[in-house]
1. Using the alpha carbons of the range 41-81, what is the convex hull volume per residue in cubic angstrom, as a whole number?
2. Could you look at the chain and say what percent of its accessible area is carbon and sulfur, using a 1.4 Å probe and all protein chains?
3. If you find the alpha carbon centre of the range 143-164 and of the range 331-389, how far apart are they in angstrom?
4. Report, in whole Å, the centroid distance computed from the Cα atoms of the range 189-206 and the range 263-290.
5. Taking the Cα centre of the range 153-273 as origin, work out the dipole magnitude from +1 charges on Lys and Arg Cβ and -1 charges on Asp and Glu Cβ, in debye rounded to 20.
6. Where does the range 209-358 land on Rg/Rh, using Cα atoms and the Kirkwood Rh?
7. Report the calculated FRET efficiency for Thr278 and Thr24 (r = Cβ-Cβ distance, R0 = 51 Å), to the nearest 0.05.
8. Does anyone have the angle between helix 312-322 and the longest principal axis of the chain? Alpha-carbon axes, 0 to 90°, nearest 10?
Amino acid sequence: MTGTIALVLAATGCGGGSAPDKVTSITALDYYTDEPEHSQWGEILTSCGKSAGVRVEQTSVPGASLIPKVLQQASSRTLPDLLMLDNPDLQQIAQTGALTPLDQYGIDSSGFAKGILSAGTYDGKVYGLAPYVSTIALFYNKDMLAKAGVSVPRTWDELKTAAARLTRPGRYGMAVDANATFEGTWQFLPFLWSNGGDEKRLDTPQAARALQLWVDLVKSGSMSKSVLNWTQADVHDQFVAGRTAMMINGPWRIPALDTDKNLHWGVAPIPVPRTGQTPVTPLGGEVWTVPQNASKARQQKAAQVLACLNNSSTMLALAKQHFTVPSRTTVAARYAEQVPSMAAFAKSVEAARARTSELGVKWPKAATGIYTAIQSALTGEQTPEEALRHAQQIATSN
């Protein structure tokens, strides 16, 4: 088997008259700078490298630096052999021609949920695959809800009622991240999408009603005005400190929540406008890609490592490590049974959407319009309708 692969790689190498160099190592670039994530990914890359017969040299840069670095490397043709991208960024990089379609390597992309596959797709071709994904859900303090005689809210009306009953001096009923960044937009999307709103047209009654819900929660005192400045980490801190009874957040918070043995928490799908609906949430997570390279042999090796990262056993191991959801539907179902605290996330992922699925490379403008509208409406500067009209102008500006 190894000899066959070596022959194939030799045949696709780029030597002129001389024998091509055997590929013994490849480079990988990601933004996993924090521990233990950096080391965990290093171990997985090393393991998958061994299965492909290469050493993987991992470089990690801060998240904000990744795209500028990739664009610079693309122009100087010095891209790594294996590249990780946050899924909303894939469109922008694929548009430059810097990536290769994965079907040319025979990589199996079957069994991925539709939304997950679309996150790695540009112009009808799959350029990236995510071993795991994440989304957001409603965390709640079990003791606080029990003491107030409040059931876990499933609808928007139930959410408003529950948040009001859970609010008291020193404690709010509900918390979200409504800050002026893409993170604020990310947290609002389940409310926008579940009500039939759409980023292609932001100034609609469906979008206004979703924004009105957040306005009502702040106006009634059930949600702090400080949500305008909170990050998802801040929202988590408020919840852990007992200053909010419910919050919207992601599964990456679970390890920290589990360290507090006195905190009894639960997690449920994000409430929807009407009973019986399924929430439509945004997909988080990173896709792995194989950039253009003068060496076809290096590309083949990178593709083998990428395939290993996305096989069922690797994605299950990664999901358990990082409290995320495996990208293949059957693996996610098995995982939800093994890790009950992830069941709500695994369920939500089935209907989740990639942020770039409708607008592609134009998504960042719409995202900017959305968080600008949230800020204007929650401060009372504009009505939701006025704020969303302005958001639409931002989204469609040149």
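1. Values: hull volume 2.8 nm³, N = 41.
Expressed per residue, the convex hull around the Cα atoms of the range 41-81 is 69 Å³.
2. Values: 8620 of 16820 Å².
That share works out to 51 percent.
3. First find each Cα centre; the distance between them is then 22 Å.
4. Cα centres, the range 189-206 to the range 263-290: 16 Å.
5. Working: 13 positive and 12 negative charges, 80 e Å.
The calculation lands at about 380 debye.
6. Values: Rg = 19.0 Å, Rh = 18.2 Å.
Looking at the range 209-358, the ratio lands at 1.04.
7. On the way: r = 49 Å, r/R0 = 0.95.
For Thr278 and Thr24, the calculated efficiency is 0.55.
8. Computed tilt is about 50 degrees.
The values are calculated or read from the model by the stated rules, or taken from the named source; none is laboratory data. What you are looking at is a predicted structure, and each value in this text was computed from that prediction instead of being measured. Methodologically, a virtual Cβ is constructed for each residue, glycine included, from the backbone with ideal geometry; neighbour enumeration extends over all protein chains shown. When the accessible area is computed, the model is the full protein with side chains, heavy atoms only, and any ligands, DNA or RNA have been set aside. Shrake-Rupley method; radii C 1.70, N 1.55, O 1.52, S 1.80 Å.
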